[in-house]
Structure formats: C-alpha cells, structure tokens
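J.: Can you keep this structure in mind? I'll have questions shortly.
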Amino acid sequence: MKTFALATALLIATPALAAAEFAPLSDESRFLELVEGRVLSNRLFGVELSVQRNGTIQGDAAGWDITGTWDWQDGYFCREMQWGGDPIKYNCQLVEVRGSDEMRFTVDQGRGRSASFRLR
C-alpha cells in the first residue's frame, strides 16, 4: 500500500498550463548545479529528497525513509530507490526545469507521469 502511495506522490501529473513553462534539461552538469546542496520538496505529499553528486538519493516521504542511487544516461536521470524498505524499480526520467527553483521528473523517458518539486 505504501508503494502505491509513494508512486502516486512522486508521479502526480502537473496541470497542462504549467507544462509549457518547463524547459527540458539534458545536461548532467547543469542538473548537478541546480540540485547540489538543495532539497527537492513536494510539500503536498510530504516528500523531501536530496540527490547527491556521489550517485546517492536520500530523503523521506510520509514518515518513511527513501534511499537510492542514480546515474545520468543519454540525457536522462535514471534512478532506483527504496521507500521504507519497499523497492521502487529502476527508471530513466526526463528532467525539466522552470527557473532555478522548480524541477519536474517524467518517468519512462518523458512518456509517463510527472512529479514536480521545489528546490529549497
């Protein structure tokens, strides 16, 4: 049940109007510049994540720890995580940004659902 809840929280679709304002980000260096030392936050669902330069992901959602690893492949953010001990399978995601404080991830290389985060 909690896997479904996290998947819903991490993959909630954003409004179509906001979609036009996001720009694709395919450069790993630029991605790291934006996330380094910051927290990806979706307060609506209580998700806070930190993506580290060393390839790790740490955070929590709904009171359970999130851990994982990530890499950058062919312009996509690819990650594998565990949430409260439950696996979240490996997936490569399209990353988009709006300004320097908002980031959106879309699963299946941009063909799936999206989740937006504030960078704090």
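J.: Within segment 67-120, how many residues are in contact (Cβ under 8 Å) with a residue 60 or more places away in the chain, closer than 20 Å to residue 54 by Cβ and either β-branched (Val, Ile, Thr) or part of a loop (DSSP other than H, G, I, E, B) (or both)?
T.: Residues that pass the stated criteria total 2.
J.: For segment 84-103, how many residues meet the condition of being over 18 Å from residue 69 (Cα atoms) and not hydrophobic (A, V, I, L, M, F, W, C)?
T.: So the count comes out to 6.
J.: Is it the case that segment 2-23 has a residue that's closer than 16 Å to residue 106 by Cα, at pLDDT below 95 and among the polar types (S, T, N, Q)?
T.: The answer is yes; a qualifying residue exists.
J.: Hey, another quick one. Considering only residues that are of a type in the set (Ser, Thr, Tyr) and surrounded by fewer than 19 Cβ atoms within 10 Å (Cβ to Cβ), which ones fall in segment 44-83?
T.: Just the residues of segment 44-83 that are of a type in the set (Ser, Thr, Tyr), to begin with: 50, 56, 67, 69, 76.
Result: 50, 56, 67, 69.
The values are calculated or read from the model by the stated rules, or taken from the named source; none is laboratory data. Being a predicted model, the structure only gives us computed values, none of them experimental. In this analysis, Cβ positions are derived from the backbone assuming ideal geometry, glycine residues included, and neighbour counts consider all displayed protein chains.
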